[in-house]
Amino acid sequence: MDTKVVDEAAGLRASLRGSLLLPDEPGYDEARTIWNAMIDKRPGMIVRCAGAADVRTAVNFAREHGLALAVRGGGHNIAGSALVDDGLVIDLSMMRSVRIDPRVRRAWVEGGALLRDVDHEAQAYGLATPLGINSTTGVAGLTLGGGFGWLTRKYGMAVDNLVAADIVTADGERMHIDSGNYPDLFWAIRGGGGNFGVVTGFEFALHEVGPMVTAGLIVFPFAQARTVLRHYRDYVATLGDDISLWGVLRGAPPLPFLPTEVHGTGIVALVFFSPAAQEEVQGAIDTVRSFGTPLGEHVGAVPYTAWQQVFDPLLVPPARNYWKSHNFNTLGDAALDIVADYAGRLPSADSEIFLGLIGGAANTHAPDETAYPHRQALWAMNVHTRWQEPSQDAACLAWARAFFQAAAPHAAGGVYINFLNEDEVDRIADAYGPNYQRMRQIKAKYDPDNLFRANQNIRPEA
């Protein structure tokens, strides 16, 4: 970083309610550590914002000094977009306030909040909004990319439940946006990632959920994978919006309901979720169990907040992660055979393939209603390659890329933007499909110099 800029850091520090971290200062290395251990970047400065005024100050400083700029919410993005070498990072991790109004069923959420923060506050009133499946994920990054999870089939994507937002744009202006105020910008942030500014606050619609839901796993041996997956694919076509059923192929974790000798062996886990009471969906649970001969199962009433955290132990940092993803509108036998084939030779003990079921309420919206366009996608398949040692890099990356290429002829062509790696710039247009050109126009209006480019970047229209 230019020495003049470093010299001016004292003035920046004095203007903040939060704090400024420079290289070699206490806390710097911790602040630049994010979920994916493959990302090792050294920002020139990290501004830990205490509020929207700090965000404005940081945006203005970066713009005026020609600094590369990144925004960190939860630090969970697979591509490492929370960091940038040499430039300035706006760190929102101190801004985690969540306020609930149960009378109007609204949540006001700051830009650094995690899913568990929202779940904790909203469930105090038996309310929730569709977010993701890992409680340590940042609300901002997940929502700005579309956002789907266990409640999506019932209540839509996260962006379908976003009522309004506060955003700081590239010129340092703080704006309150909704369907009546700056509707073009509000449309663009609902799926457009961090391309249009720093969202410091979100307003979500809430729904009655919990405190108890019905959820759990039914686990089959990998030898039954092809049969189980075909039954699963066919059964999904009959499901109502009250039920979500995901498929996961991996090595068996040491789950207490599985025999010890099964731990580490290949499995197919069907993950069942419904906000309904168990007695209302017991028939569906029984049907899923009949897809094969289970090794074990644990499905029943569970607190919603606990279920939102049940997969956290499988995603604890540090670990090296690389994802490849496809959307599928249908899953033919050939596609399922490819899934089973590659799942039979996972490159590491922590790698997995999951079939995230979407559909339901998420697909009742038109593709151009929000920037997120994939309103026909029934599954988002994520090839989640995860390992510990750099010496495993070549084998793990080769496996993920080969699987991706093999599955491509059977996929829908689109991709969920939050699943894109740093090396997939050529797929950004696919992620936005028919909405891409409109997004470039809006980008040119609000960020013509592409200040917000440390992301799955939408270049402004010339």
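The values are calculated or read from the model by the stated rules, or taken from the named source; none is laboratory data. No experiment lies behind these values; they were computed from the predicted model shown. Glycine also receives a Cβ, built like all others from the backbone with ideal geometry; neighbour counts cover every protein chain displayed.
Of everything listed in (1) under 20 Å from the mean Cα position of the chain (by Cα); (2) part of a strand (DSSP E or B), the single unmet condition for ASN195 is (2).
Residues are listed down the side, and each one gets a yes or a no for (1) more than 19 Å from TYR342 (Cα to Cα); (2) assigned by TED's automatic domain parsing to the domain that holds GLN278; (3) in contact with a Leu (Cβ under 6 Å, 6 or more places away or on another chain):
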site	(1), (2), (3)
PHE222	no, yes, no
ALA237	yes, yes, no
TRP246	no, yes, yes
PRO254	yes, yes, no
VAL262	yes, yes, yes
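Scanning region 416-452 for residues that are in contact with a strand residue (DSSP E or B) (Cβ under 8 Å, 6 or more places away or on another chain) and assigned to a helix (DSSP H, G or I) turns up just one, PHE419.
Residues in region 412-462 that are within 18 Å of GLY146 (Cα to Cα) and hydroxyl-bearing (Ser, Thr, Tyr) were compared, and the one that is surrounded by the fewest Cβ atoms within 10 Å (Cβ to Cβ) is TYR436.
Only a single item in (1) in a loop (DSSP other than H, G, I, E, B); (2) surrounded by fewer than 20 Cβ atoms within 10 Å (Cβ to Cβ); (3) in contact with a Phe, Trp or Tyr (Cβ under 8 Å, 6 or more places away or on another chain) is not met by LEU331, and it is number (2).
Beta carbons closer than 8 Å, at least 6 apart along the sequence or on distinct chains, pair a first residue in region 45-73 that is among the basic types (Lys, Arg) with a second that is in a helix (DSSP H, G or I) for ARG48/ALA31.
Within region 308-327, being surrounded by 21 or more Cβ atoms within 10 Å (Cβ to Cβ) and either of a type in the set (A, V, I, L, M, F, W, C) or farther than 27 Å from GLU389 by Cβ (or both) holds for GLN308, HIS326, ASN327. Taken over region 19-41, the criterion of being loosely packed, with under 14 Cβ neighbours inside 10 Å and charged (D, E, K, R) is satisfied by ASP24, GLU25, ASP29, GLU30, ASP40.
Once region 188-225 is narrowed to residues that are surrounded by fewer than 17 Cβ atoms within 10 Å (Cβ to Cβ) and touching a residue at least 60 places away in the same chain (Cβ under 8 Å), the residue that is farthest from VAL159 (Cα to Cα) is PRO211.
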